[in-house]
Amino acid sequence: MGENTISRRNFLAGLGATGALAAAGALAGCAPQAPNGAASSKDGGAQASWRDKPNMPTDIVETLEADLVVIGAGNGGLVAATTAAQNGAKVIVLEKGGAVQAAREAIGALNSALEPDHREDVPTLLNHANQTQSGDANMLMYKTWAEQSGEMIEWMKETLEPKGMLFPFEWHCPDDPHAYYPAMCYNPCLGEYNPDGPNYGAYAHLEVMSEVLNELGGQIMFLTPANMLVQDESGKVTGVIAESKDKGTIQINASKGIVMCTGGYGANDEMLQDLCPGNSNWCVLRDSINEEGDGIRMALWAGAELEAGGGCMIWNRGIMFDDTEFDGSYSGGDIFLPGSQPFLHVNANGERFMNEDQCYPMSYAGGANQPGHFSWIVWDGSYWEDIQKFDTCGCSRLAPAPSGTAFNADVYDCEAITKEHLDSFWLEPRIESGALKKCDTLDELAKAMKFDADQTAAFKATIERYNKLAEAGEDTDFGKPAYRLSAVDQPPFYAARIAGELLVTIHGVITNTDSQPLRKDGSVIEGLYVCGNDQGGFYPHNYPSNFTGINAGRTATFARIAAKHALGVA
């Protein structure tokens, strides 16, 4: 690693839990805030709509030449750039932020030669995924990822292993025939991998990849947001206009193509309200910082079509304070990893309303549709035993996997997962802040939840009913699996208001399986490729988060496909 590389452990060292979690927006692929790249004004003062294409600038101070220009130095952009540089291309990467974007901890790849003992049936996966999308996801896109992601992860290991990156594989899943957790998750770590945690070398593979790119002659221009694409008379994309902090407006011509990987529009309030109102309104946290829809806007201005839908990846981890309100700012709450555990949920009237064993965004949606647009998560003093029994997977895991195959470290600070860590890092700071209620009796808990007499009676009746279901080992009300039922009968008792944490937007530009965007008539926009959260086809409505690592995996897979197609290499 280079001298300027900052390890995640050092990054979080010295911060209290709240400070560390505020910094953990890096999990969404965030970097330090860059100058706002919102749509420019056309009329001398009034702000234009994000849909309005700006005029071509006339004050270009410098023109550069490249084979391939990649917009965005993140999970997709660096894969595309490194792939192209390895094939001899002159590559320039434009990055809006001041640093390489933070890597995801999990990369989803199917049926690779790295793990020959773990094979997943692709049609089963495709059909399961399509059910989460009301049947209108692009199965050709899923099939392409499923068939080519193995080659992507093999390439990534071959490229980064000489730099010290390891690629441990997570395959543990609950012993439940109804649970669907495909074996597909790689968790890159630098230097060493401890299956029991801690793993301070996690989240490093993009920094390492940027070093490889630099050694191959690739160039990353930081604090240089792209503003619009250059097209010739046929509509082919031939270059990009960008704003250099040091030089001003520049143009970069790309003889082989432009690869767009800017991360969606999760930080653009106008686009959120226009494209997915209601989907994200009940979030009290937002991890997107630089992801202001730049790539999607530029692609649409070039003639591309945006897929129908309007999906966001929303975690059920937004803990609310007593004074937190849904004011449209996507702020006012705190990150709370235990919010993703399938404990009992009740609404503002004290009533249970769902099977709590849901994927993150489905659980969030269930609460968002209740009075007040949130839910109370409730548990008791036996929570550690319950969490071990729940045996959740992916980044919600709070207890070590029995087999030791999972990433058994807290995804927010990479420390080993233990009850002591859970208490000190997650529970105690939120009890102190007042966001998490802890009481010796259910009556005291109901009072802390500000329930009136009727709500308290309903709440206590709900608890009594839920405890009977747990004792019987069968949820005849909502069908939650028996091993994820947990009685609330041992003091102390806990409750917290849970709303959404907006991670990223997940619907985007319609492309073919080579990542080329399509016009409304189905024709290809030559010279342009769109990947990652700018690319549609995968999640027009919701995120199938029981596919651990799928978004980072599909982003890297299609970015590699794009680079190879642009260069005409196999």
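The values are calculated or read from the model by the stated rules, or taken from the named source; none is laboratory data. Everything numeric in this text was worked out from a predicted model, so none of it was measured. Virtual Cβ from ideal backbone geometry, glycine too; neighbours counted across all protein chains shown. Remember, those area values only see protein heavy atoms, side chains included, never the ligands or the DNA or RNA. Shrake-Rupley method; radii C 1.70, N 1.55, O 1.52, S 1.80 Å.
Here the peptides 336-342, 402-408 are ranked by packing, the mean other Cβ count within 10 Å, and the order with the highest first is 336-342, 402-408.
When peptides 384-395, 129-140 are ranked by their average number of other Cβ atoms within 10 Å per residue, the highest-first order is 384-395, 129-140. Contact order, relative form, for the chain: 22 percent (alpha carbon pairs under 8 Å, 6 or more residues apart, mean separation divided by residue count).
Taking 30 Å as the limit for the C-alpha separation, the pairs Lys143/Lys389; Lys157/Lys389; Lys143/Lys256; Lys157/Lys419 exceed it in the case of Lys143/Lys389; Lys157/Lys389; Lys157/Lys419.
Each eigenvalue of the Cα gyration tensor of the range 314-502, multiplied by 5 and square-rooted, gives one semi-axis; in descending order these are 23, 20, 16 Å.
Of all lysines in the structure, those lying under 23 Å Cα to Cα from Lys245, and not within fewer than 8 positions of it along the same chain, are Lys42, Lys53, Lys90, Lys96. With the helix formula -39500 (n - 2.57) applied to DSSP H stretches of n ≥ 4, the chain reaches a computed 222 nm mean residue ellipticity of -8000 deg cm²/dmol.
As an exercise, use a Förster radius of 45 Å and the Cβ-Cβ distance of Lys143 and Gln273 to find the FRET efficiency, rounded to the nearest 0.05. Don't skip to the answer; put the middle values down first.
Working: r = 34 Å, r/R0 = 0.75.
Here the calculated transfer efficiency is 0.85.
Each peptide in 558-565, 280-287, 291-298 was scored by the mean count of other Cβ atoms within 10 Å over its residues; highest first, the order is 291-298, 558-565, 280-287.
R0 = 51 Å: FRET efficiency of Asp136 with Asn194, Cβ-based, nearest 0.05? Let's see the in-between values first.
Values: r = 42 Å, r/R0 = 0.82.
Approximately 0.75, to the nearest 0.05.
For the chain, DSSP calls about 65 percent of its internal beta bridges antiparallel. With 0.36 nm allotted per residue and the present C-alpha distance subtracted, the Ser382-Lys450 stretch has 22.1 nm of extension available. Close amide H contacts of Leu285 (hydrogens built in the peptide plane, cut-off under 5 Å, sequence separation of 5 or more or a different chain): Leu502.
Which distance in Å, rounded to a whole number, links the C-alpha centroids of the range 331-393 and the range 251-312? For the range 331-393 versus the range 251-312, the Cα centre distance is 29 Å.
In summary, the lysines within cross-link reach of Lys460, defined as a Cα separation below 19 angstrom excluding same-chain residues under 8 places away, comprise Lys437, Lys438, Lys447, Lys450, Lys468. When nucleic acids and ligands are ignored and a 1.4 Å probe is applied, His205 ends up with an accessible area of around 0 Å². Working value for the chain: equivalent-ellipsoid semi-axes of 41, 26, 22 Å, each the square root of 5 times a Cα gyration tensor eigenvalue, largest first.
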